[in-house]
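Data first, discussion second: the structure below is written as structure tokens.
The values are calculated or read from the model by the stated rules, or taken from the named source; none is laboratory data. Please read all numbers here as calculations on a predicted model, not as lab measurements. Here the Cβ is made from the backbone with ideal geometry for all residues, glycine too, and neighbour counts use every protein chain on show. Each accessible area value is taken on the protein alone, full model and side chains, heavy atoms only, with ligands, DNA and RNA left out. Shrake-Rupley method; radii C 1.70, N 1.55, O 1.52, S 1.80 Å.
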Amino acid sequence: MPRTALLLAATLAPAILSLLLGLTGSSLRTGRLDPLDWLWPGTAGIILGAILLTRAARAGQGDRAEAAPARLRWPTVAALWAVVLLPPLCLIGLASVRLPWAGMIALAAGLAIVGSLWALVAGRSRRVRLGSALALCVGAVLVANWAVPAMRNASQSAAAGDRPSVALFSALPLHDVAMGAVHGVPATQSIGLRSPLLRALDLHVALHPLDALSDQSLAGHEAVLLAQPRAMAPEELVALDRWVRAGGRAVVLADPLLLWPDPRPLVHPGRPPLTSLLDPLLAHWGLRLEAAEFSAQSHGDGHGGEASDRRTLASGALLQVAGASRFVVREPTAGCTPAEQGFIATCRLGRGQALLVADADWIDDRLWTLASQDGADRALRTSDSPDVLAAWLRSEPVSTSVFTSWVKDEAALVRGLRFALAAALALSLLLALVVRNPRYSQPMVRTNTGHNENIRKTEGVSP
């Protein structure tokens with residue numbers, strides 16, 4: 001086998017394996033792109049690539065190869081680091097909705113440390129190298145899958161601070177008997193049930209479900225969440241409008257075509273309305289909710305057998321919506337401003353404000369988490385729904401992680417993977433040509449010992 005082809009195989013195989021293994025972390029399961037998913041595959045790729053490069057270099061030297069382990073030269077280590085690192089970075093850069101620059105820097109620094117440590121032990125005994133390889137791989141797994149997520153959760157919990165009191169008024173099956181009816185739990189056993197969404201929101205706000213709206217029930221709350229409520233009586237609409245204008249904050253989810261799965265018959269009085277019944281309130285605030293729209297990128301996902309879309313907000317946060325629509329301003333002087341192509345509208349009403357969203361399905365657990373019980377596990381989330389909703393309820397800007405991002409869509413992921421594979425091939429070929437140069441491929445082993453032995457043999461002196 002030609003030496004260049006042997007060196008190419010020794011560098012290309014670890015690069016491709018580490019690239020594909022990194023995708024098995026959270027990218028293919030949840031659509032989240034976490035650069036640290038490539039930490040332990042990259043660690044294994046650098047170690048395997050260094051071993052294969054050394055063996056390939058010896059195989060090309062024939063009788064000149066020595067049995068002792070060879071130390072890696074730093075240019076070779078740097079080139080191997082680039083071959084393993086750059087393909088995942090290309091994939092992330094092309095497939096993500098925004099660059100997770102902090103995570104990419106952390107990945108580059110982590111693999112640089114791994115390469116440096118392995119270069120120091122590459123010339124040691126086989127036992128030392130085996131122990132070092134196991135220690136580096138186990139350390140990378142612990143850092144990426146335990147230490148870093150624990151620090152992220154701790155920092156986000158600490159940043160939550162005080163929990164404002166929020167009133168919840170909704171016909172959606174989010175808790176208690178309504179949630180039990182959807183999941184087939186008897187009413188007597190449904191008391192106290194809470195959806196993963198409410199469990200996730202509990203970290204940021206103190207939710208208080210309401211059965212009716214009045215001046216008394218709204219008093220003492222800093223915000224109210226109206227999520228596809230039942231038909232409201234005129235006095236309830238008046239109480240809500242008066243409370244907002246007095247300085248309250250309302251987050252309203254109005255869905256013109258609710259696709260929330262519910263096994264109960266359509267005429268069941270406990271089912272949430274299939275379309276928003278808030279037209280009188282919206283008209284009073286100077287808005288109109290358009291009919292639902294489906295884009296060409298809509299795809300079936302099992303959410304009631306209908307279509308869903310991945311919608312990226314201006315903040316970089318991702319929501320998965322179904323049957324979403326948009327708001328249209330009926331009266332320009334009403335104080336309402338549409339955003340995100342009308343998907344969101346913000347209204348300044350007296351001393352208060354209202355934020356309205358033209359969809360309610362995006363808070364359905366099926367569209368933001370893989371967990372069936374606890375929504376606090378961020379590793380299983382498929383969108384930013386709880387964080388976005390919590391920020392709106394707290395009247396805070398929507399913040400996104402600088403360590404992770406989301407996949408734009410399937411086409412972007414395929415395009416990024418193709419470019420990453422091409423980059424791995426090009427970089428591997430370049431590294432093979434560099435290592436083929438004797439200046440970088442000669443093993444740095446027992447130089448003085450071999451030189452003295454040659455002198456003794458030449459002079460006929462026995463060792």
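Quick notes
- Residues considered: His208, His204. Of these, the only one that is modelled with pLDDT of 90 or more and farther than 14 Å from Ala391 by Cα is His208.
- You will find that of Ser170, Ser190, the residue that is out of contact with any helix residue (DSSP H, G or I) (no Cβ under 8 Å at 6 or more places or on another chain), hydroxyl-bearing (Ser, Thr, Tyr) and more than 20 Å from Leu21 (Cβ to Cβ) is Ser170 and no other.
- Residues in the range 316-330 that are assigned to a strand (DSSP E or B) and either closer than 16 Å to Ile363 by Cβ or small (Gly, Ala, Ser) (or both) were compared, and the one that is most open to solvent (accessible area, probe 1.4 Å) is Gln320.
- Per-region count, the range 227-251, residues open to solvent by less than 30 Å² (accessible area, probe 1.4 Å) and in contact with a helix residue (DSSP H, G or I) (Cβ under 8 Å, 6 or more places away or on another chain): 8
- Complete set of residues in the range 157-216 that are touching an Asp or Glu at 6+ places or on another chain (Cβ under 9 Å) and charged (D, E, K, R): Arg163, Arg194, Arg199
- Tabulated pairs, the range 182-211, first farther than 20 Å from Ile363 by Cβ, second open to solvent by less than 70 Å² (accessible area, probe 1.4 Å) and part of a loop (DSSP other than H, G, I, E, B), C-beta under 8 angstrom, 6+ apart or interchain: Val185/Leu193
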